[in-house]
Amino acid sequence: MCGIFGCIMKDGKVAPTIHAALKRLEYRGYDSVGEATIDDGKLYVKKDTGKIDEVHERCNLDDLPGRIGIGHTRWATHGAPFQVNAHPHFGCSDPPRIAVVHNGIIENFAELRKELEDAGHLFRSKTDTEVIPHLIEEMLNSRQFAATVNIDSEFINATIAAIGRLQGSYALAIVSTMDPGRIVCARNESPLVLGIADDALYFASDVTAFLPLTNKVIFVENGEFVVLGEDLLEIRRLADGNPISRKTKLVDWSPGMAEKQGYPHFMLKEIHEQPRCLRNTLRLQNKYLGLLPTFLDRAREVIMVACGTSYHACLAASYMFSKLSFLATYPVIASEFAEQHGKSVNIDSTILAVSQSGETADTLSAVETARQRAATILGLTNVVGSTLTRISRVYIGQQSGPEIGVAATKTFTSQLSVLSQLAIQLAKRRGKISQEEIDLLEEKIENIPDIVEGIIETQEEKMRALARKYKTKQSFFFLGRGISYATALEGSLKLMEIAYIPSLAFPAGESKHGPISLITQGFPVIFVCPPDETRRTVVGNIMEMKARGASIIAICEEDDEDIKKLVDDYVEIKRGIPGVLSPIPYVVPLQLFAYYMAIERGCDPDMPRNLAKSVTVK
Ligand code: M6R
């Protein structure tokens, strides 16, 4: 998740306005920053790595001439946070004639890059974005475009034709010395909003960027492009260039609310972002998805190390690797790693470290222990450029965008999605499951973002109501069998950390070996029960708890009438999700439950006491 912004002003210099707006968007990404302006027919650029204040101190972001410009604050997806990968990006011409800023992921960039390199284009960066200016140049050079959008500008017609070749998600803005008075923006999936003031026009990834300047906005929809000029604002359809008329809206958000896009807390915003983040994980390049399984396949032992929520993702992944790729893997809590495996790990061991931040001290320390004994280190993280990416032999970036709420939500489901794709890739490689099963799993994984969207739409009110009903309970049990044990652990951690309710998670089969003694009349027990091989025995465990007076909440499939009849309350999940993928959708109601419990109990879910987003001490 990056942030883009730009504006055309009637008077003055845009650079300080762009700088201030990027600062307001910094929460969307903060590993590099860049600006491009046009003045007197020339393109001026500043870009570098680091947070905005650091870059400003080094190269004064306000010191660019011109009344028209674009800017970008980056969250690395393709290419590490190096200056050359910072936006804006340019084509081949020297001095540059076209500058592009982009938020999103161009899925077909590798094919486009190859095609452009074959045509003689020289690329400077490792980003997906850089294909865009080269593609526009190529369109102009080879005159491969028709004036489909009926605008009197070759540059704009070529730009729209180039955008037509992009697959994936984007909010884009492009300026060029060939048409120095206009900015072209376009949107598919990534957010884009226009701001209208008497003396300026703005575009941005969200209204936060220009809220102190105007509250008159127009939301750009998927498949649309916009041409901005002095006194010009045209919205058209990318498909055929037809104009669209859309009314201006007034937003009455405070700057704090705007940053949260109108949600009361980052945690709720991030829960709602999950469908989009999951779609991003489905755009990971095969190059990376293929490389990790190669290492996993040849390892003598695979140990997954992580803390907190990331450990729960590893635990779920151990079931995925076992069931799909027939590979035994060992999930280990990072702070225990040195004691448990410090002496046995060796050159034949492979460590898969999972860390949202890539900076968790316990995880890095476990990795260091393994590195000293010559183990191979693989990483999965949300922060490209973090320590974990620097010390891993190979890493994958999960591309969830910054997570501000201390409780991990969107990053957990994205980790699960990436790990399940790795397990499927490994299964293919090892020939362990049939092509038919692989096809089915791949089809199901594609549907998960929509299913999660449906859960949020249909079950959020129910979770709020359940939170009201159970808010006075002093403690909870979360139970699940098989892979659902990981889901239960995550539900329990969420409730504990943000609503301060002591809760225990156990494998449902283990509950009768001790924890059941806690059950008294009305003790709340949440069962995670997808319809997999464990369901029949889970029904037995529900009966055991019910017989002792527990109040049971089940997270179950929508037409599981038997379970629905047995329990006090239930939450329905759309049918047809294979058990091995079930933690992704089944955890979502538990995140919502924890959130609304925190609200009901007057706790701040974004900043739970005693916790930090990234724990950098051992
Ligand atoms: O950044 P990491 O994934 O390494 O962080 C690990 C844990 O600190 C983190 O998951 C923590 O447990 C969260 N508060 C969970 O919501």
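Values in this text are rule-based calculations from the coordinates and carry no lab data. Please read all numbers here as calculations on a predicted model, not as lab measurements. Positions of Cβ are generated from backbone atoms using ideal geometry, with glycine treated the same way; all protein chains shown enter the neighbour counts.
If I fit a long axis through the Cα atoms of helix 131-142 and take the longest principal axis of the Cα atoms of the chain, what angle between them do I get, 0 to 90°, rounded to 10? Between helix and principal axis, roughly 40 degrees. Computed from the alpha carbon atoms alone, the convex hull of region 108-152 holds 89 Å³ per residue.
Size descriptors for the chain, from the alpha-carbon set: Rg then Dmax equal 25.5, 81 Å.
Once you reduce region 566-608 and region 522-550 to the center of their Cα atoms, the two points are 16 Å from each other. Against the main long axis of the alpha-carbon atoms of the chain, helix 484-499 sits at an angle near 70°. With N the number of residues in region 384-527, Rg(Cα) / (2.2 N^0.38 Å) evaluates to 1.28.
Karplus-derived 3J(HN,Hα) values for region 234-251, using 6.51 cos²θ - 1.76 cosθ + 1.60 with θ = phi - 60°, are 10, 10, 9, 7, 5, 5, 9, x, 5, x, 10, 10, 9, 7, 6, 10, 9, 9 Hz; glycine and proline are entered as x. Axis of helix 109-118 versus longest Cα principal axis of the chain: the two differ by about 40°, to the nearest ten degrees. Of all aspartates and glutamates in the structure, the ones whose alpha carbon falls short of 20 Å from that of Lys249, not counting any fewer than 8 places away in one chain, are Asp198, Asp199, Asp206, Glu221, Glu224, Asp231, Glu234, Glu259.
Taking GluC sites (Glu not before Pro) in DSSP loop states with no more than 15 other Cβ atoms inside 10 Å as exposed sites, the chain has its longest site-free stretch at 231-532.
Separation of region 205-229 and region 370-445, taken as the distance between their Cα centroids, equals 34 angstrom. Mean residue ellipticity, 222 nm, helices only, the chain: the sum of -39500 (n - 2.57) across DSSP H runs of n ≥ 4, divided by residue count and rounded to 500, is -12000 deg cm²/dmol. I want the local charge near Lys114. Using Cβ-Cβ distances under 15 Å, sum +1 for each Lys or Arg and -1 for each Asp or Glu among the other residues. Overall, the nearby charge balance is -4. Over 23 Å, how big is the tail of the calculated P(r) for region 3-259, in percent of all Cα pairs? Result: 45 percent of Cα pairs exceed 23 Å.
Taking a ≥ b ≥ c as the square roots of the eigenvalues of the Cα gyration tensor, region 124-189 is classed as rounded, since a/c falls below 1.5.
For Pro180, the shell of other residues with beta-carbons less than 12 Å away shows a net charge of 0, using +1 for Lys and Arg and -1 for Asp and Glu. Does region 279-327 classify as rounded, prolate or oblate by the C-alpha gyration tensor (a ≥ b ≥ c root eigenvalues; a/c under 1.5 gives rounded; else a/b over b/c gives prolate, otherwise oblate)? Oblate, because a/c is 1.5 or more while a/b does not exceed b/c.
Phi angles across region 50-67 convert, under the Karplus curve 6.51 cos²θ - 1.76 cosθ + 1.60 with θ = phi - 60°, into 3J(HN,Hα) values of x, 6, 4, 4, 5, 5, 4, 5, 6, 9, 6, 5, 7, 9, 10, x, x, 9 Hz, Gly and Pro given as x. The residues neighbouring Leu489, those whose beta-carbon lies less than 13 Å from its own, together hold a net charge of -1 under the Lys/Arg +1, Asp/Glu -1 convention.
Expressed as a whole percent, the proportion of Cα-Cα pairs in region 321-411 lying more than 23 Å apart is 25%.
Between rounded, prolate and oblate, where does region 1-155 land on the alpha carbon gyration tensor, with a ≥ b ≥ c its root eigenvalues, rounded for a/c under 1.5, else prolate if a/b exceeds b/c? Taking the square roots of the gyration eigenvalues as a ≥ b ≥ c, region 1-155 is oblate. Mean sequence separation of contacting Cα pairs (under 8 Å, at least six apart), scaled by the length of the chain, corresponds to a relative contact order of 11 percent.
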